[in-house]
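Following: one structure in structure tokens, then a few remarks.
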Amino acid sequence: MAKPHVSPPARAFVPDLCEARAVLVVVVVAQLMAIVLTLSGTYYDRFSFERLALTSFFMQWVGLTSAAALCALRGWLNRLPPAWAATGVVVLVVTNTLVFSLIARMVMRWALPEMVGGVSTTLKDVWINVTIAAILAGGVMRYFYVQDQLRIKEQAELEARIQALQSRIRPHFLFNSMNIISSLIAVDPVAAEQTVEDLARLFRASLRETGLQVTLKEELDLCRRYARIEQQRMGERLKLDWQVQIDPERALIPLLTLQPLLENAIYHGIQPRPDGGTVTVRVDQDGDMLRISMTNPLPAEPAGASHGNRMALENIRHRLAALYGDRARVEAAANNNEYRVSLRYPSA
């Protein structure tokens, strides 16, 4: 039966203007534009609060109706290439501005004829409105295009770092595992077969998509397989304490998040100690946050964090941040002769 997983979200080039925060930004920007236009005398020769009120009403109306239209069309626009999506947004805003400029002039000619000039003045004002809308919309979409390209670059760099991390795991672990299998074939064929199966599962996982999310149960199963192989090499020196206090099938985690941490705990914490030690893996829930910690004893003469250890932590930190934003936390610290790595991120 196939394991459930969640793929990374699709790219969303056009911003979500359905959110309350985005609507607030539109209102503030529209009001600032109204103040600037009134003070600059674009429409009138002198400032008055009546003219500011009319300009504000017009700018807010155009801004909010454009935002509502983009909110409704966002899904369709995000299926287009970025250049076409940006063009569509500019055309929509310009068209909306043109329509409401003409309607506003018609209403003002009927209600406030003394504030409306002739046809040439009307056309000039409408042209100014449309030009300002095109420049503003084009500038905003240029900004979002640059942000989109930066996100693509950051995602590519993140995936490259993750692939580098997975590549780093393979060589020394593969050689050790092959030596273990070779030594077990003659004395314990069943254990040798189990080790081959565990090794195959680990490498099959390392070849899967880097952005994949799996159930915590599947990730813990990979960790147990890895630990089982290392126990064949280290014997009683390596002990594992699994403290899983939630249902692991109901929580998700990026693939190969815990296994590199377990590898570091064994390699840097257990292997240098003649008497070995215990690696403790604890999983629990704190409200809507999932907490995972991995603790290992420090060697008698700690050599400090290795480059590989820092690389694993940075990759995990970036992966969780990409999925869960600022709510995700990755912390590592040595205390009371123990080294602990703690992960914290939303469970749903």
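This table checks each residue for (1) acidic (Asp, Glu); (2) modelled with pLDDT under 80; (3) open to solvent by 60 Å² or more (accessible area, probe 1.4 Å).
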| residue | (1), (2), (3) |
| --- | --- |
| 148 | yes, yes, no |
| 157 | yes, yes, yes |
| 164 | no, yes, no |
| 183 | no, yes, yes |
| 186 | no, yes, yes |
### Message
For region 193-207, which positions are at pLDDT below 70 and surrounded by 15 or more Cβ atoms within 10 Å (Cβ to Cβ)?
### Response
206
### Contacts under 6 angstrom Cβ, first residue in region 212-223 being touching a residue at least 24 places away in the same chain (Cβ under 8 Å) and over 18 Å from residue 322 (Cβ atoms), partner open to solvent by 10 Å² or more (accessible area, probe 1.4 Å) and outside any helix (DSSP H, G or I), 6 or more apart
218/3
### Query
Is it the case that some residue within region 79-99 is modelled with pLDDT under 80 and open to solvent by 70 Å² or more (accessible area, probe 1.4 Å)?
no
### Query
Yes or no: residue 47 at pLDDT below 85, farther than 16 Å from residue 140 by Cβ and part of a helix (DSSP H, G or I)?
no
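Return the total of residues in region 296-310 being modelled with pLDDT under 75 and surrounded by 18 or more Cβ atoms within 10 Å (Cβ to Cβ).
1
The values are calculated or read from the model by the stated rules, or taken from the named source; none is laboratory data. Source: prediction; values computed, not measured. So basically every Cβ, Gly included, is an ideal-geometry build from the backbone, and we count neighbours across all protein chains shown. SASA here: full protein model, heavy atoms, side chains in, ligands and nucleic acids out. Shrake-Rupley method; radii C 1.70, N 1.55, O 1.52, S 1.80 Å.
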